[in-house]
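For reference, the structure I am asking about is given below.
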Amino acid sequence: MTRIKICGITREQDALAAAAAGADAIGLVFYAPSPRAVDARQAARIVAALPPFVTTVGLFVDAEPDAVRAVLAEVPLDVLQFHGEESDDYCRQFGRPYLKAVRVRSADQLQDVAAQWPGASGILLDSYKPGVPGGTGEVFDWRLVPRERDWNLVLAGGLTAANVRQAIDEMQPWAVDVSGGVEAAKGIKDLEKINAFVQEVKRV
């Protein structure tokens, strides 16, 4: 079954709604320019409210290593997700499984992603928009992604309840990652949209 991550969680009630709907993971954004950003204290409260067996993922963008460590000292994150120009060595240094996000521009770009980040648990593919490291709400051209691959695909970029079944049918990802597609406003999740998204994934 395709796993589900609800990203950009900023409130305890949204984290609980995601867990109740059946999401496997929630994402917490530690990138101040994002409208979905949280600080360590806020994130710690959200994580503490979660029931068991929900994976917590922390998203960073070209952060200083000490800044990442400071968050880890306060927030028990299970997985780290990097959306900048981070190298494999950088990503490995924190002793957590990690996802590397790649903003898709061409098919050639994706031919050697596993070789570039051999330590990654998965490669998250997102839409490219200049100056925006993620959360664009736009779908990229799925035809650019190799169908034969030896890495775990986490598919993001403009997913909603209306297109996620098609995305899974065409792409066969290990997981799907949604943020804006289940929101009432940026950083505020919509319970009905979360439930509809999860139900569509589970119907595949």
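Using amide H atoms built in the peptide plane, which far-off residues or other-chain residues are under 5 Å from Val29 H to H?
It is Gly8, Ile9, Val38, Leu59, by chain and number.
So, with a 1.4 angstrom probe, what is the percent of accessible area on the chain that is carbon and sulfur?
Here carbon and sulfur together make up 49 percent of the probe-accessible area.
Sort largest first and round to whole Å: the equivalent ellipsoid semi-axes of region 83-204, each the square root of five times a Cα gyration tensor eigenvalue.
Listed largest to smallest, the semi-axes of region 83-204 are 24, 17, 14 Å.
Still on this structure: Ile188 to Asp89: extension gain in nm, 0.36 nm per residue of separation minus the Cα-Cα distance?
Taking 0.36 nm per residue and subtracting the Cα distance, the gain is 32.2 nm.
If amide H atoms are built 1.01 Å from N in the plane of the peptide, which residues on other chains or at least 5 residues away come under 5 Å of the amide H of Val102?
HN-HN under 5 Å from Val102: Leu124, Leu125, Asp126.
May I ask you to derive the relative contact order of region 1-101, considering only C-alpha pairs under 8 Å and at least 6 residues apart, and to give it as an integer percent?
Averaging sequence separation for qualifying contacts and normalising by length gives 22 percent for region 1-101.
From the backbone phi of region 57-67, what are the Karplus-calculated ³J(HN,Hα) couplings (6.51 cos²θ - 1.76 cosθ + 1.60, θ = phi - 60°) in whole Hz, Gly and Pro given as x?
Per-residue couplings from phi come out as 10, x, 9, 10, 10, 6, 7, 4, x, 5, 5 Hz.
Hey, another quick one. Between the alpha-carbon centers of region 26-74 and region 181-204, tell me the distance in whole angstrom.
Here the answer is 21 Å between Cα centres.
With each pseudo-label sitting 7 Å past Cα toward Cβ, what's the Arg69-Thr55 distance in nm, one decimal?
With each label placed 7 Å out from Cα toward Cβ, I get 2.6 nm.
What FRET efficiency comes out for the pair Glu148/Met1, r = Cβ-Cβ distance, R0 = 22 Å, nearest 0.05?
Taking R0 as 22 Å, the efficiency between Glu148 and Met1 is 0.55.
Sticking with this structure for a sec: So what J values fall out for region 142-157 if you push phi through Karplus, 6.51 cos²θ - 1.76 cosθ + 1.60 with θ = phi - 60°, rounded to Hz, Gly and Pro as x?
For region 142-157, the Karplus curve yields 4, 5, 6, 8, x, 6, 9, 8, 10, 9, 7, 8, 10, 9, 10, x Hz.
Continuing with this model, one more query. Pick from Glu192, Glu85, Glu148 the residue whose mean-square fluctuation is largest in a GNM of the chain, springs joining Cα atoms under 10 Å.
Maximum fluctuation in the GNM of the chain, among the listed residues, is at Glu148.
Among Asp24, Asp169, Asp62, which one moves the most in a GNM of the chain with springs linking Cα atoms closer than 10 Å?
Its mean-square fluctuation being the largest, the pick is Asp169.
At 0.36 nm per residue, and after removing the present C-alpha to C-alpha distance, how many nm does the segment from Val102 to Arg203 gain when stretched out fully?
Contour length minus the Cα-Cα distance gives 33.6 nm.
The values are calculated or read from the model by the stated rules, or taken from the named source; none is laboratory data. Treat the numbers as computed from the prediction; the structure is a model and nothing was measured. Here the Cβ is made from the backbone with ideal geometry for all residues, glycine too, and neighbour counts use every protein chain on show. Accessible surface is based on the protein model in full, side chains and every heavy atom, while ligands, DNA and RNA are left aside. Shrake-Rupley method; radii C 1.70, N 1.55, O 1.52, S 1.80 Å.
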